[in-house]
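Before any comments, here is the structure.
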Amino acid sequence: MGLYEEKKQLYKLVLRGEWRRLLEVCKGARQLVFPITSNRDTAFHLAVYSGKKEPLKTILEQVMEMDYTEHWKSSAENTPLHEAATAGNLDAFKLLVEFRKEDLLALNKRGETPLYRAARYGQLQIVEYILNECEDYYTRSPLNWMADGTTPIIHEAIQSENFEMVMMLVDFDKSLLEMKDSKNQTALHVLANMPHIFESGYVKGFWGELIYNQDLSLNINIIGRSSTHPNLENIHGFISKEYIYETFLEAQSKIMRA
């Protein structure tokens, strides 16, 4: 069987979710380290979508003595760790971190690290694992915070609508709230432009908790300099956090009516 036929066979097994058969076919074979899809995904990339530790564990064991690095990234320059972050497969993610921890700071074509990608897809367990279990060298790298210099990670997290994850990121690094995207928008602007989520009482409570847990000066910086409520720019002296919260809700209401 030629290489093309071998790749076609493997791809069909992946589509059918026949992971055990995939391992049988690939055992000791060259297919493990070669791309098998048009996006140049290898068995490493695809195995994480099993939702389990296997077949990735067995595949990694088989390539220990092989040169697997040439095709480690797909055409989108995603590593298997990026794919595990996307899929939310925590067991596979842990295996890959143990196998190649340096991939925690690998960038794909969009400039995303695995942490950024997990936040983008709302994968709370992956984000929690990285922030709590991995060293500061990996978790606090500025590479994690801004993909392609245009969209902060906190904006992507908000748009995923996983607000528990948003709070986790804010608790980890409050300065994320000061970051602006290419449209000069902060995290609060992003939220205010998502009117459908305000139907949930949880969201109002979520932002109430957020504001009450931040420094007053930070809140004035974010909300006070917002074009949606310029009057705050010239206010001096003490401003209650209750007033700041109500001001944000007023700004949000104006955006919704615009």
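The values are calculated or read from the model by the stated rules, or taken from the named source; none is laboratory data. Just so you know, these numbers come straight off a predicted model, no measurement behind them. Using ideal geometry, Cβ is built from the backbone for each residue, glycine included, and neighbour counts are taken over all protein chains shown.
Residues that are over 19 Å from Ala87 (Cβ atoms), part of a loop (DSSP other than H, G, I, E, B) and modelled with pLDDT of 70 or more within segment 1-37 comprise just one, Phe34.
A quick yes/no check of all residues on (1) within 20 Å of Thr186 (Cα to Cα); (2) in a loop (DSSP other than H, G, I, E, B):
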position	(1), (2)
Leu81	no, no
Leu107	no, yes
Gly122	yes, yes
Tyr129	no, no
Tyr138	no, no
His155	yes, no
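Looking across segment 88-106, the residues that are buried (at least 20 other Cβ atoms within 10 Å of the Cβ) and among the aliphatic types (A, V, I, L, M) come down to Ala92, Leu95, Leu96, Val97, Leu104. Condition check for Glu112 on (1) closer than 23 Å to Ile158 by Cβ; (2) part of a helix (DSSP H, G or I): one failure, at (2). Looking only at segment 135-185, filter to residues that are polar (S, T, N, Q) and surrounded by 15 or more Cβ atoms within 10 Å (Cβ to Cβ); which one of those is farthest from Gly88 (Cα to Cα)? For segment 135-185, the residue satisfying everything is Gln185. Taken residue by residue, segment 45-65 has no member that is touching a His at 6+ places or on another chain (Cβ under 6 Å), assigned to a loop (DSSP other than H, G, I, E, B) and modelled with pLDDT of 75 or more.
Among the residues here, Arg117 qualifies as buried (at least 20 other Cβ atoms within 10 Å of the Cβ) and either in a loop (DSSP other than H, G, I, E, B) or at pLDDT 95 or above (or both). Just one of (1) more than 23 Å from Ser75 (Cα to Cα); (2) among the aliphatic types (A, V, I, L, M); (3) modelled with pLDDT under 95 trips up Ala147, so point out which. Condition (1) is where Ala147 drops out. Examine segment 155-167 for a residue that is modelled with pLDDT of 95 or more and small (Gly, Ala, Ser), and state whether such a residue exists. Checked segment 155-167: no residue is modelled with pLDDT of 95 or more and small (Gly, Ala, Ser). Applying the criterion of being without any contact (Cβ under 8 Å) to a residue 40 or more places away in the chain and touching a helix residue (DSSP H, G or I) at 6+ places or on another chain (Cβ under 6 Å) to the residues of segment 94-109, the residue that is farthest from Leu131 (Cα to Cα) is Asn108.
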